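So the structure is just underneath, and the comments pick up after that.
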Amino acid sequence: MSLKNELRSYLKPLGESVLAILIGAFIGAVVLWLSGYDAIAAYKALIQGSFGSLGNFAETLSKSTPLILTAITFAIGARTGLFNIGAEGAVYFGAIAAVAVTQNLRNPVSGILAGLLVGALWMLPAAVLKVYRGVHEVISTIMFNWIAFYLASWLALEVYENPMNPNSTLPIPPGARLPLLVKNSTLSLGFVIALFTAVVVYILMWHTKLGYELRTSGLNSKAAEYGGINPKVAMLWSFVIGGMTAGLAGALQVMGVPPSYSISQGLANVYGYGFDGIGVSLVGRNHPLGVIFAGILFGALNAGATQMQQTGVPLEMVKVIEGIIIVAVAVPGLLDMFLKLFRRDRA
Amino acid sequence: MEERTPVLEMRDIVKVYPDGTKALKGVTIKVYEGEILGLLGENGAGKTTLMKVLFGMLKPTRGKIFLRGKEVRFKSPADAIANGIGMVHQHFTLVEVFNALENIILGMEGHGIFSKIDVENARKKLQKLMDELNFQVPLDVPVENLPVGVQQRIEILKMLYRDVDILILDEPTAVLTPIEVKELFAVLRKLKERGKTIIFISHKLNEVMEITDRVTVIRKGEVVGTVKTSEATPQLLARMMVGRDVVLRIEKPPKEPGEVIFRVEDLWVKGDRGEEAVRGLTFEVRAGEIFGIAGVEGNGQSELIEAITGLRKIEKGRVYLKGVDITGKKPRELYDLGIAHIPEDRTHMGLILEMSVMENSILGMHWRKEFSRGFLLDWGRVEAHARELVEEFEISAPGTKAPVKSLSGGNQQKLIVAREVSKRPEFIIAAQPTRGVDVASTEYIRNYLVKLRNENKAVLLVSADLDEVLQLSDRMAIMYEGQFMGIVNPEEVTEEQIGLMMGGVKGEPQK
Ligand SMILES: Nc1ncnc2c1ncn2[C@@H]1O[C@H](COP(=O)(O)OP(=O)(O)OP(=O)(O)O)[C@@H](O)[C@H]1O
Ligand SMILES: [Mg+2]
């Protein structure tokens, strides 16, 4: 295989994702048009709102930060043969842990470590159930997500509630907040930490023994066992590392996002990232580096949505477009059919 | 003969895979009605590729196919089957949890989504077919519980049930015992009598000599020539395949075995269904000795190997390596103690098909210091290692970064053997080491095992290929229903004695 072919092996999934995005955008436009909106104006506003100015772009990157991290949770799971959708719960507890720990230890490092640790711990029960009892991770993580929601809501309301402001938890003390990268924006150092994490996970998965063992287990557990790898241990690691990145997402979300630097009522500012991360991971081909771009794309859609709303299009439309993109990516068979239409003479 | 129109002609077929591999460079073959055509060629010559093109699984880059003089173009295997062409693959494609009947009628349920499956009718038709051919399979047992030989019959029946006239068999005998091969050949002859045309791929020259009418030899994607089998000799065919004379002999000097390296005492192992698969085996393998185990597949050989390599629970008994008790140790510990294992199931156990040649080349030794640099895997060294394997065993692969699934079946097998011997084991367990490997490479692998023996290593050989066991072993056991029917000297035992023991008759105890 020449270098050209090697490049091609990366370009193919990239091309497929781009194609899916274009299909999603196109169908979204058709839907907008059918619903009586001005699709072109709406898209213009969407792009303007996400990339149109430094401030808007900062907003895009800020919104992408937790998505990149929760997508990594799903991606590591997928690469290990797991369908781990437990990021959602780990995000809540990562956020709570950051709030809790920084009240006394007033520095950002403690908050980040707490998020990583608690996220990992939160994943452990699902991991243990899977490995020792064979409970399917989809079932267990869905259940744990619900437990997480109520437990975290209680902690936020009762234990760490802000006596000054009943709508949120205690804020992260100023000394433990992450510095902003762009003035008057919500883009903090958290974004850089997310990028760094993606690179670390990439190196872990493709350049270390542990990553080799995780990927082997994910592709062929029988061969893994034959190769002296314990697929159960691999699964445990997969849950734990995934829990860490999701917990980190929660911590960064409270430590890096002004103005509140706290968890709002109903967990509103930490809610939903675990689920959205699944779609981001799929669009990013379950690859930590691909996930960066997919995360920024989804961040852009979310950031631009507000501006699009001003052209009269409802906010939900953005979710529709996101959904279409995910479906287009997640149905590779559909894509293969599409590709074959254009390349009949290839194998 | 050349006057007749062939029933099938593939003309100037070129196939370039998407990664740029030129698998076929203009291949023309003709097949005549009612004949058995042998297709011969080294591993990676392009046999499977050519047949997949014929069967509508691959689209040729160039070239035409004529069926009864008319040009055809198959878009899918279903299309090929509708035109009377059926194929049985090198690697089986049965649904493991389905029984034979379900597997056979799968995909033929009729066309509308709501059309009912007439199972009883199918069963009757199938029973009739089996009776006529004297080719029986149990219809109601899940396929995963059946021996490979039977699974293969199901694959063949699946095609016959679809009324194909031309049957492609890609290495059908690789997984069969000599008796099963005889039975298969009887069926093929019957099919031929009924006017069916068969394309037969095998690496075993004696089989090709026995069953085919003509042989077409392919080398590196080109046809070398076609000969009438009656005018050919194994030597001629081998020379055509490889392009030079092949020495079909193993040099095995006499050797006094040394100390006991591996010892099994009263070993009991259960099979997947809880049955006693291995029942109280005791044996030893010495340094400088090849100990062979022959027998019909499914008599506990697989369970025995899995148990002694840490992949299956040992119910009772002890296993020792150089006097150290290794009972119940994990594969990784065993490898570190100097055991290597060539598994019988290359696609499910020996390799991770989606991973590259490079990544596969370190499976089971990836933790060794030589492949890492601090925290990181040293891919540079891994690649150098993979290159060495590829060169030493002449593995034809598009490159070390290519996924293993793009290697031909024989080359996949060679990769496993190369990797395992590169572990420099004290004791190597070789299960079906040359399955699906071409003549020249088979000799290479066999000679390699002998070389290990000559270097005073211990070798446990388990093979369904009786000739292989006879040729290589210093001592051999015949396994039947989880027990040894006898441990004999391959130079003294007669074929008849072996036949009896394979059928469950205990042999005279020999030294
Ligand atoms: N999917 C694929 N992508 C790229 N190259 C491939 C692919 N499949 C096969 N090849 C290459 O095409 C060549 C021919 O392979 P093929 O499987 O047809 O060989 P074969 O004659 O059947 O060998 P064997 O006797 O080992 O089964 C080989 O060099 C192989 O590496
Ligand atoms: Mg082949």
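The values are calculated or read from the model by the stated rules, or taken from the named source; none is laboratory data. Note that the structure is predicted; figures quoted are calculated from it, not measured. When we count neighbours, we look across all protein chains shown, and the Cβ atoms used for this are built from the backbone with ideal geometry, even at glycine. Side chains included, ligands, DNA and RNA excluded: accessible areas come from the protein's heavy atoms. Shrake-Rupley method; radii C 1.70, N 1.55, O 1.52, S 1.80 Å.
Being out of contact with any Asp or Glu (no Cβ under 9 Å at 6 or more places or on another chain) and either open to solvent by less than 10 Å² (accessible area, probe 1.4 Å) or of a type in the set (Val, Ile, Thr) (or both) is true for just one of B:477, B:464. Which residue is that? Full working, then the answer.
Working: B:464 fails: out of contact with any Asp or Glu (no Cβ under 9 Å at 6 or more places or on another chain).
Among B:477, B:464, only B:477 is out of contact with any Asp or Glu (no Cβ under 9 Å at 6 or more places or on another chain) and either open to solvent by less than 10 Å² (accessible area, probe 1.4 Å) or of a type in the set (Val, Ile, Thr) (or both).
The set of residues from region B:135-151 being crowded, with 20+ Cβ neighbours inside 10 Å and without any contact (Cβ under 8 Å) to a residue 40 or more places away in the chain comprises just one member, B:137.
The criterion of being acidic (Asp, Glu) and modelled with pLDDT under 95 does not hold for residue B:289. Here residue B:272 clears all of (1) closer than 25 Å to residue B:465 by Cβ; (2) assigned by TED's automatic domain parsing to the domain that holds residue B:319; (3) part of a strand (DSSP E or B) except the condition numbered (3). Reported count of residues in region B:67-87, each being open to solvent by 60 Å² or more (accessible area, probe 1.4 Å) and within 14 Å of another protein chain (Cβ to nearest Cβ), is 2. When you scan region B:388-395, do you find a residue that is surrounded by 15 or more Cβ atoms within 10 Å (Cβ to Cβ) and either in contact (Cβ under 8 Å) with a residue 40 or more places away in the chain or assigned by TED's automatic domain parsing to the domain that holds residue B:174 (or both), even just one? Yes, region B:388-395 contains a residue that is surrounded by 15 or more Cβ atoms within 10 Å (Cβ to Cβ) and either in contact (Cβ under 8 Å) with a residue 40 or more places away in the chain or assigned by TED's automatic domain parsing to the domain that holds residue B:174 (or both).
Let's see how each residue does on (1) of a type outside the set (Val, Ile, Thr); (2) within 16 Å of ligand 2 (Cβ to nearest atom); (3) closer than 15 Å to residue B:168 by Cβ:
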| residue | (1), (2), (3) |
| --- | --- |
| B:4 | yes, no, no |
| B:19 | yes, no, no |
| B:26 | yes, no, no |
| B:36 | no, no, yes |
| B:43 | yes, yes, no |
| B:53 | no, yes, yes |
| B:60 | yes, no, no |
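Here residue B:20 clears all of (1) within 14 Å of chain A (Cβ to nearest Cβ); (2) of a type in the set (Gly, Ala, Ser); (3) over 21 Å from residue B:402 (Cβ atoms); (4) outside any strand (DSSP E or B) except the condition numbered (3). With the condition kept exactly as written, say whether any residue in region B:393-415 is more than 13 Å from ligand 1 (Cβ to nearest atom) and not in a loop (DSSP other than H, G, I, E, B). So far as region B:393-415 goes, no, none of its residues is more than 13 Å from ligand 1 (Cβ to nearest atom) and not in a loop (DSSP other than H, G, I, E, B). In this structure, is residue B:13 open to solvent by less than 70 Å² (accessible area, probe 1.4 Å), touching a Leu at 6+ places or on another chain (Cβ under 6 Å), within 16 Å of ligand 2 (Cβ to nearest atom) and in a strand (DSSP E or B)? Yes: the conditions hold for residue B:13. Among residues of region A:178-205 that are closer than 16 Å to residue A:64 by Cβ and more than 14 Å from chain B (Cβ to nearest Cβ), those with a Cβ under 8 angstrom from a residue that is of a type in the set (Asp, Glu) and surrounded by 17 or more Cβ atoms within 10 Å (Cβ to Cβ), sequence gap 6+ or separate chain, pair up as A:185/A:59; A:186/A:59; A:187/A:59.
Could you list, in sequence order, the residues of region B:62-92 that are within 16 Å of ligand 2 (Cβ to nearest atom) and free of Cβ contacts under 8 Å to residues at least 12 places away in the same chain?
none
Mind checking which residues of region B:337-359 are farther than 19 Å from residue B:285 by Cβ and not β-branched (Val, Ile, Thr)? Those that are farther than 19 Å from residue B:285 by Cβ and not β-branched (Val, Ile, Thr): B:345, B:346, B:348, B:349, B:350, B:351, B:353, B:354, B:355, B:356, B:358, B:359. Those helices (runs of 4 or more DSSP H) of region A:148-253 in which 2 or more residues are in contact with a strand residue (DSSP E or B) (Cβ under 8 Å, 6 or more places away or on another chain), over 15 Å from residue A:78 (Cα atoms) and not hydroxyl-bearing (Ser, Thr, Tyr) occupy A:189-207. Annotation note: of B:463, B:473, the sole residue that is touching a residue at least 60 places away in the same chain (Cβ under 8 Å), over 22 Å from residue B:279 (Cα atoms) and within 23 Å of the chain's Cα centre (by Cα) is B:473.
What number of residues in region B:152-174 are within 16 Å of ligand 2 (Cβ to nearest atom) and either in contact (Cβ under 8 Å) with a residue 40 or more places away in the chain or under 15 Å from residue B:127 (Cβ atoms) (or both)? Don't jump to the end; show me each part of the working.
In the first step, residues of region B:152-174 are kept if they are within 16 Å of ligand 2 (Cβ to nearest atom); the result is B:152, B:155, B:168-174.
Subset that is either in contact (Cβ under 8 Å) with a residue 40 or more places away in the chain or under 15 Å from residue B:127 (Cβ atoms) (or both): B:152, B:155, B:168-172, B:174.
Total satisfying the criteria: 8.
Residue by residue, here is whether (1) touching a residue at least 40 places away in the same chain (Cβ under 8 Å); (2) more than 10 Å from every other protein chain (Cβ to nearest Cβ) holds:
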| site | (1), (2) |
| --- | --- |
| B:294 | yes, yes |
| B:305 | yes, yes |
| B:327 | no, yes |
| B:353 | yes, no |
| B:359 | no, no |
| B:363 | yes, no |
| B:366 | no, no |
| B:375 | no, no |
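Looking only at region B:408-423, filter to residues that are basic (Lys, Arg) and in contact (Cβ under 8 Å) with a residue 60 or more places away in the chain; which one of those is farthest from residue B:363 (Cα to Cα)? Here the answer is B:414. Of the listed requirements (1) surrounded by fewer than 24 Cβ atoms within 10 Å (Cβ to Cβ); (2) outside any loop (DSSP other than H, G, I, E, B); (3) more than 14 Å from chain A (Cβ to nearest Cβ), residue B:6 misses just one: (2). Given the conditions (1) at pLDDT below 90; (2) in contact with a strand residue (DSSP E or B) (Cβ under 6 Å, 6 or more places away or on another chain); (3) over 24 Å from residue B:499 (Cα atoms), report the number of the one that residue B:274 does not fulfil. The single condition residue B:274 does not satisfy is (2).
Taking residue B:457 as the residue in question, decide whether it is more than 26 Å from residue B:241 (Cα to Cα), open to solvent by 10 Å² or more (accessible area, probe 1.4 Å) and within 16 Å of ligand 1 (Cβ to nearest atom).
Working: more than 26 Å from residue B:241 (Cα to Cα): yes; open to solvent by 10 Å² or more (accessible area, probe 1.4 Å): yes; within 16 Å of ligand 1 (Cβ to nearest atom): no.
So residue B:457 does not fit the description; no.
Suppose we keep only residues that are within 8 Å of ligand 1 (Cβ to nearest atom) and more than 14 Å from every other protein chain (Cβ to nearest Cβ) within region B:23-44. Which one would you say is least open to solvent (accessible area, probe 1.4 Å)? Here the residue is B:41.
Only one of B:404, B:437, B:382 is away from chain A (no Cβ under 14 Å) and open to solvent by less than 10 Å² (accessible area, probe 1.4 Å). Can you tell me which? Break it down into steps so the answer makes sense when it comes.
Working: B:404 fails: away from chain A (no Cβ under 14 Å); B:382 fails: away from chain A (no Cβ under 14 Å).
Step by step, each of B:404, B:437, B:382 is checked, and only B:437 is away from chain A (no Cβ under 14 Å) and open to solvent by less than 10 Å² (accessible area, probe 1.4 Å).
Filtering region A:209-251 to residues that are open to solvent by 10 Å² or more (accessible area, probe 1.4 Å) and more than 14 Å from every other protein chain (Cβ to nearest Cβ) leaves A:235, A:236, A:237, A:240, A:241, A:244.
Which of the strands (runs of 3 or more DSSP E) found entirely inside region B:438-511 contain at least 3 residues meeting this: aromatic (Phe, Trp, Tyr)? It would help to see each step written out before you state the result.
On the way: elements: B:458-462, B:475-480, B:483-488.
By residue number, no strands (runs of 3 or more DSSP E) qualify.
Residues in region A:138-158 that are modelled with pLDDT of 90 or more and open to solvent by 50 Å² or more (accessible area, probe 1.4 Å): A:139, A:142, A:143, A:146, A:147, A:150, A:151, A:154.
Give the residue, chosen from B:64, B:59, B:47, that is of a type in the set (D, E, K, R) and either closer than 29 Å to residue B:236 by Cβ or crowded, with 20+ Cβ neighbours inside 10 Å (or both). Lay out the reasoning, then the answer.
Numbers: B:64 fails: either closer than 29 Å to residue B:236 by Cβ or crowded, with 20+ Cβ neighbours inside 10 Å (or both); B:59 fails: either closer than 29 Å to residue B:236 by Cβ or crowded, with 20+ Cβ neighbours inside 10 Å (or both).
None of the other options fit; the residue is B:47.
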